[in-house]
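A.B. asks: Before I ask anything, let me first share the structure, which is written out below as structure tokens.
The values are calculated or read from the model by the stated rules, or taken from the named source; none is laboratory data. In this text, all values refer to a predicted model and were calculated from it rather than measured experimentally. Cβ atoms come from the backbone with ideal geometry, glycine included; neighbour counts cover every protein chain shown. Areas reflect the complete protein model, heavy atoms only, side chains present, ligands, DNA and RNA absent. Shrake-Rupley method; radii C 1.70, N 1.55, O 1.52, S 1.80 Å.
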Amino acid sequence: MVESCPRGRGDAKEDAVSDEPPVRLHCFAHSGDGVSVFDGWPSATGPGVEAVPVRLPTGARGSRPPLTTYQDFLAEVLPRFTPSQPGPYALYGHGLGALAALTVARALQETGAPPPVLLAVGACPPPVPARWAPAVKGGDADLLRLLGEGTAIPPASDEGVFLRAMLPVLRADLQLAHSLHEAARTPAARSTLTSALLVVASRDNPLAPPAAGAGWEQFTRGPVHLRTVPGHHFFVRGGRALPRLLGRACRVARRLAGQPAPVGG
């Protein structure tokens, strides 16, 4: 694990514009959020990188039940990744989206497709036995204790009422996270991925502190880098700093890995 350092303004070699197809950066949001969290990213990632939000099939889906298993998740998401677009690709996932991005990267490589030049994960500890797993199968009280842990949300407050209303969606998301955790922890899964991995952690996030980033090393045979940024768990909403960081990381990864065969959709 290499701790990444802030770059100076003169370190712009990887930011050079080229005539090559852009790196398509597929972005997966955290639990309970939609693709609007990535508004503004297409203009913030910089030259040579195209941000592509991916809507996760989680939470409320009208008359369709939420997806809660690894198998159903892949059946719905993988068809979106086709060889119809030229050039390399990268994946970024935040929170639950980090597990989704890891799952997609592994599954694509297992089908014989080229791996992403970069897998970036944010605000998510590595897929090790999770302390929240018992709450997934417990009652509402167990889930509320987990979700309110360290935040002291009064049950009768607006936040508490909203949290109770969101329980079915959040429980389904946690069930999916649990299934993706279990799939990622198999011995075969740990030895599959070869992509470079960037772990982005925030200083004030008790759910995924920077120290937890070291555990991600076992999930790829490629180089692993850790970048610590300011903020809490939802630093993905913090403006242009994160997409700029990921844009630079994509350009560096592309230069180091070379351009793979087409994947992206």
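A.B. asks: Which one is nearest to Tyr70 (Cα to Cα), of the residues in the range 203-218 that are more than 14 Å from the chain's Cα centre (by Cα) and open to solvent by less than 50 Å² (accessible area, probe 1.4 Å)?
C.D. replies: For the range 203-218, the residue satisfying everything is Gly215.
A.B. asks: Under 9 Å by Cβ, and 6 or more places apart or on different chains, what pairs join a residue from the range 210-221 that is under 17 Å from His181 (Cα atoms) and touching a residue at least 12 places away in the same chain (Cβ under 8 Å) with one that is in a loop (DSSP other than H, G, I, E, B) and among the small types (Gly, Ala, Ser)?
C.D. replies: Going by the 9 Å Cβ cut-off, the qualifying pairs are Thr220/Ser195.
A.B. asks: Taking Leu118, is it surrounded by fewer than 24 Cβ atoms within 10 Å (Cβ to Cβ), out of contact with any Gly (no Cβ under 8 Å at 6 or more places or on another chain) and at pLDDT 90 or above?
C.D. replies: no
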